[in-house]
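Asker: Have a look at the structure that comes next, please.
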Amino acid sequence: MIIIADLTLNDEYGEQTMHIQLGGKTAVVTGAARGIGRAIASALHAAGAQVIIADLDLPAAQQTAAVLGERAMALHVDAANVSSCRQLVADVLSQAGQLDILVNNAAICPIRPIDEVDPAFFDQLIAINLRGPYFLSQAAAQHMRARQTGRIINISSVGGKTGGTAQISVYAATKAALFSVTKSFAKYLAPYGTVNTIAPGPSHTDLTADWDDPALLEQMRQTVPLQRLGTPQDYAGAAVFLASDQAGYITGATLDVNGGIRMD
Ligand SMILES: NC(=O)c1ccc[n+]([C@@H]2O[C@H](COP(=O)([O-])OP(=O)(O)OC[C@H]3O[C@@H](n4cnc5c(N)ncnc54)[C@H](O)[C@@H]3O)[C@@H](O)[C@H]2O)c1
């Protein structure tokens with residue numbers, strides 16, 4: 001996939017050239033062994049960045065890194081474990097020397113009716129989907145502030161705005177909280193770095209394998225104005241843009257990439 005955009009405009013402001021190039025940048029994408037994280041990592045890599053495929057599943061992360069080849073490496077992280085999050089940032093700094101772009105993508109979305117949610121289930125979702133991105137951002141932002149540059153991109157969900165369904169209430173709550181975390185860190189990193197959210201719509205990946213019912217998928221598809229579910233590639237361009245210099249005046253924002261299922 002080639003994600004290098006050249007756009008030359010001639011208007012009253014003179015000639016302007018847009019060229020998205022992430023050469024010389026180091027990006028960490030959590031949960032990048034597969035799915036949306038993998039597509040984002042591939043796109044950042046295609047734009048020239050060195051990418052770290054960080055995942056709980058190290059063998060799968062290594063496979064993804066091997067497919068990308070040069071400028072890609074795999075590292076283990078358990079987003080549920082704060083020490084592991086801090087260790088990931090330390091490993092990136094010692095092995096790559098710098099961290100320019102952090103994409104907090106790893107998450108889980110198990111289905112459980114509200115009546116059956118217990119504290120252990122609740123805490124597990126908070127740990128992976130919210131505490132992980134928070135402490136990864138904390139460690140990354142300290143380094144970014146020192147270098148006076150940086151990009152953090154949090155992958156939330158349209159469910160964080162709508163409450164999702166009654167089957168994914170805790171997941172939706174963690175994704176709603178990420179909007180707030182984005183804004184807090186956007187203030188913390190300003191005026192040097194930016195922090196934004198991408199809110200994907202329903203997409204058919206391993207995360208949503210439990211919905212593997214053709215009738216349900218068709219029902220969901222019909223609720224999307226653009227008449228299809230998302231694919232991992234649908235989110236990759238948004239991430240490259242938010243990571244780029246061209247997005248340097250966007251911070252604390254949410255980019256909805258959802259086929260129009262929810263328009264704010
Ligand atoms: N698929 C959708 O419909 C959808 C919709 C909206 C938002 N999202 C969001 O997009 C992101 C990616 O989703 P996906 O569909 O690609 O999911 P996925 O299940 O296909 O991939 C998730 C990845 O995260 C890794 N992971 C899981 N737990 C981890 C942990 N504790 N530490 C580190 N890595 C861990 C997994 O090994 C896997 O590689 C998530 O944040 C998800 O909430 C997905």
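Values in this text are rule-based calculations from the coordinates and carry no lab data. Since the structure is predicted, the reported quantities are computational estimates derived from the model, not experimental observations. Virtual Cβ from ideal backbone geometry, glycine too; neighbours counted across all protein chains shown.
Asker: Quick one: which residues, 5+ away or cross-chain, put their amide H under 5 Å from the amide H of residue 152? H built at 1.01 Å from N.
Answerer: Placed amide hydrogens put 102, 194, 195, 196 under 5 Å from residue 152.
Asker: Only Cα pairs within less than 10 Å get springs; with that Gaussian network setup on the chain, which residue of 237, 160, 69 has the largest fluctuation?
Answerer: Maximum fluctuation in the GNM of the chain, among the listed residues, is at 69.
Asker: Still on this model: Give the aspartates and glutamates reachable from residue 161 as a straight Cα distance under 14 Å; neighbours fewer than 8 places away on the same chain don't count.
Answerer: Cross-link targets: 256, 264.
Asker: For residue 76 and residue 210 in one chain, what is 0.36 nm times their gap in residues minus the Cα-Cα distance, to one decimal in nm?
Answerer: Values: separation 134, 0.36 × 134 = 48.24 nm, distance 2.57 nm.
So the chain would gain 45.7 nm between residue 76 and residue 210.
Asker: Next question, about the same structure. Name the residues whose placed amide hydrogens come within less than 5 Å of the amide hydrogen of residue 255, ignoring near sequence neighbours (fewer than 5 apart) on the same chain.
Answerer: So residue 255 has HN proximity to 197, 198, 199.
Asker: Select from 26, 205, 194 the residue whose mean-square fluctuation is largest in a Gaussian network model of the chain (Cα-Cα springs shorter than 10 Å).
Answerer: Checking each option, the largest mean-square fluctuation is seen for 205.
Asker: Turning to a different aspect of this structure: Could you work out, for the chain, what percent of all Cα-Cα pairs fall into each 10 Å distance bin, beginning at 0 Å and stopping at the bin that holds the largest distance?
Answerer: Going out from 0 Å in 10 Å bins, the chain shows 7, 31, 37, 19, 5, 1, 0 percent.
Asker: Which of 146, 236, 176 moves the most in a Gaussian network model of the chain with Cα springs under 10 Å?
Answerer: 146
Asker: Can you give me the relative contact order of the range 20-257 as a percent, contacts being Cα pairs under 8 Å and 6 or more apart? Before the final figure, lay out each step's value.
Answerer: Working: 493 pairs, mean separation 48.9, N = 238.
Result for the range 20-257 is 21 percent.
Asker: Give the long-range amide H neighbours of residue 72: residues separated by 5 or more places, or on another chain, with amide H under 5 Å away, using H modelled in the peptide plane at 1.01 Å from N.
Answerer: Result for residue 72 returns 51.
Asker: Per residue, how big is the convex hull of the range 15-75 when only Cα atoms are used? Give it in Å³. Spell out each step's value before the answer.
Answerer: Values: hull volume 4.4 nm³, N = 61.
Cα convex hull per residue, to the nearest whole number: 72 Å³.
Asker: If R₀ is 41 angstrom, what is the calculated FRET efficiency for the pair residue 246 and residue 66, using the beta carbon separation as r and rounding to 0.05?
Answerer: Numbers: r = 31 Å, r/R0 = 0.75.
Efficiency, from the Cβ-Cβ distance: 0.85.
Asker: For the range 157-240, place one equal point scatterer on every Cα, skip the solvent, and apply the Debye formula. What is log10 of I(q)/I(0) at q = 0.14, 0.17, 0.24 Å⁻¹?
Answerer: -0.58, -0.81, -1.27
Asker: If you don't mind, there's one more thing I want to ask. Spin-label point model (7 Å from Cα, Cβ direction): what's the residue 192 to residue 145 distance in nm?
Answerer: Simple spin-label model gives 1.0 nm for this pair.
Asker: Here's something else I'd like to know. Compute the Rg/Rh shape ratio of the range 40-181: radius of gyration over Kirkwood radius, all on alpha-carbon atoms. All intermediate terms of the calculation are to be shown ahead of the outcome.
Answerer: Values: Rg = 15.9 Å, Rh = 15.9 Å.
Radius of gyration over Kirkwood radius for the range 40-181 works out to 1.00.
Asker: Note down the magnitude of the dipole of the chain about its Cα centre, charges +1 on Lys and Arg C-beta and -1 on Asp and Glu C-beta and zero elsewhere, to the nearest 20 debye. Kindly include the intermediate steps, with their values, before the conclusion.
Answerer: On the way: 17 positive and 23 negative charges, 127 e Å.
Result for the chain is approximately 620 debye, rounded to the nearest 20.
Asker: Suppose we flag chymotrypsin sites (Phe, Trp or Tyr not before Pro) only when DSSP calls them loop and at most 10 other Cβ atoms lie within 10 Å. Which is the longest uninterrupted stretch of the chain? Can you show the working numbers first?
Answerer: Working: sites that count: 13, 249.
Here the longest segment lacking exposed loop sites spans 14-248.
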